[in-house]
1. Over the range 177-320, what percent of the accessible surface lies on carbon and sulfur atoms, probe 1.4 Å?
2. Given 0.36 nm per residue, what is the gain on full extension from Ser220 to Asp314 after removing their alpha carbon distance, in nm?
3. Assuming a ≥ b ≥ c are the square roots of the Cα gyration tensor eigenvalues, decide whether the range 1-99 counts as rounded (a/c under 1.5), prolate (otherwise, with a/b larger than b/c) or oblate.
4. Considering every Cα-Cα pair within the range 194-237, what fraction, in whole percent, is farther apart than 14 Å?
5. In whole percent, and with a 1.4 Å probe on the protein chains, what portion of the accessible area of the range 19-105 is carbon and sulfur?
6. Residue-wise, which Karplus ³J(HN,Hα) couplings in Hz belong to the range 229-243, taking 6.51 cos²θ - 1.76 cosθ + 1.60, θ = phi - 60°, and x for glycine or proline?
7. List the relative contact order of the chain as a percent without decimals, with contacts defined as Cα pairs under 8 Å and 6+ residues apart.
8. Report the dimensions of the chain along its three principal axes from the alpha-carbon atoms, largest first, rounded to Å.
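The values are calculated or read from the model by the stated rules, or taken from the named source; none is laboratory data. Model, not experiment: these values are computed from the prediction. Reconstructed Cβ throughout: ideal geometry from the backbone, glycine too, with neighbour counts over all protein chains shown. Just the protein is used for accessible areas: all its heavy atoms, side chains included, with ligands, DNA and RNA removed. Shrake-Rupley method; radii C 1.70, N 1.55, O 1.52, S 1.80 Å.
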Amino acid sequence: LPRSVSGIQATSDSLHLGNYIGALQQFVEHQEHHDAFYFIANMHAITVEQDPAELRERTLRTAAQFIAAGIDPERSTIFVQSHVDAHPKLSWILECTTGLGEAQRMTQFKDKSAKKENVSLGLLTYPALMAADILLYQADVVPVGEDQRQHLELTRNLAERFNHRYGATFTVPEAGILKETAKIYDLQDPTSKMSKSAANPAGLINILDEPKALTKKFKSAVTDNDTVIAFDPEAKPGVSNLLTIYSALTGDSVDSIVAEYEGKMYGHLKVGLAEIAVEKLAPVRERTLELLDDRAELERILLAGADKAQAIADETVRVAYERVGFLHR
Ligand code: AQP
């Protein structure tokens with residue numbers, strides 16, 4: 001089976017709808033025909049300051065949301081990044097394979113460092129750790145959203161560079177980015193990516209929001225002064241984003257949704273979408289809360305996942321150490 005590998009940072013109490021549609025739904029889909037490895041990126045999380053107790057809690061909450069969304073720990077390997085020592089080991093080698101200018105050109109680094117007074121070195125080396133996360137498992141495909149395309153391109157370059165310099169070591173992975181759903185936008189500012197650091201909380205749909213809050217946010221989504229429901233991201237970013245979300249949550253094509261709502265008003269679309277989102281997300285919320293009631297079981301799943309991940313990752317590190325000329329211990 002081809003291997004699918006991806007991760008999500010443990011940086012909020014709830015994942016948001018962008019994570020759910022851009023990443024999680026694909027994870028669930030991939031486990032049908034891939035050997036799948038999905039991890040909670042707690043090491044990436046500390047590239048910006050985190051409260052330790054909060055990070056611990058969010059790591060477990062993120063794991064619970066993975067499972068509640070449909071990742072089956074019997075079929076997919078779910079683990080915590082810091083449980084597998086191979087990640088920082090390979091990351092070091094890949095940092096030494098990356099040019100300083102190359103890392104400084106990453107738009108995520110530029111955006112995040114521009115907003116901060118104290119920029120950590122980890123924020124700059126973030127993409128080398130991400131490349132390690134992927135290359136350790138010899139991933140064939142990496143399901144992510146559009147915002148990770150550049151990091152994935154760097155991962156591919158690093159794999160090729162290393163293979164060229166030291167001999168075939170890493171599989172060069174493909175980006176699993178679905179064109180239609182690669183970027184979900186903020187409901188209040190539909191030209192910006194939906195993100196946990198949203199300027200206005202009403203624009204951010206959390207998958208653990210209560211049904212009432214979900215409905216309210218969809219109903220107050222920003223649209224435009226026109227009245228026609230049509231898919232046109234340039235002229236009608238707000239309505240187009242609602243149609244994209246509708247399509248991603250139902251599996252129906254955007255065209256068929258537009259046809260269904262022909263002659264209706266924006267309000268109808270918003271109410272219809274709110275109902276669909278509640279139907280889809282309320283069970284994820286309930287299941288997450290149930291899973292969080294049995295933390296021992298969650299921890300057991302994560303430790304079993306770490307064992308499986310470690311066996312593969314350690315072997316890759318062994319080969320990479322050998323290739324670069326590290327002496328056997
Ligand atoms: N808006 C989005 N649309 C589609 N996919 C998205 N992803 C994130 N936002 C969207 C995808 O979710 C996965 C996990 O991303 P992450 O761990 O890097 O965290 P984040 O949610 O991307 O962080 P934010 O919300 O963007 O936080 P800040 O505000 O810190 O910048 C990835 O596959 C990502 O592509």
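1. Working: 3970 of 7590 Å².
Carbon plus sulfur share of accessible area: 52 percent.
2. Roughly 28.9 nm would be gained on extension.
3. Cα axes put the range 1-99 in the oblate bin.
4. Details: 549 of 946 pairs.
Result: 58 percent of Cα pairs exceed 14 Å.
5. Here it works out to 49 percent.
6. 7, 8, 8, 8, x, 6, 7, 9, x, x, 5, 5, 5, 4, 5
7. For the chain, the relative contact order is 23 percent.
8. Cα spread of the chain along its principal axes, largest to smallest: 71, 44, 42 Å.
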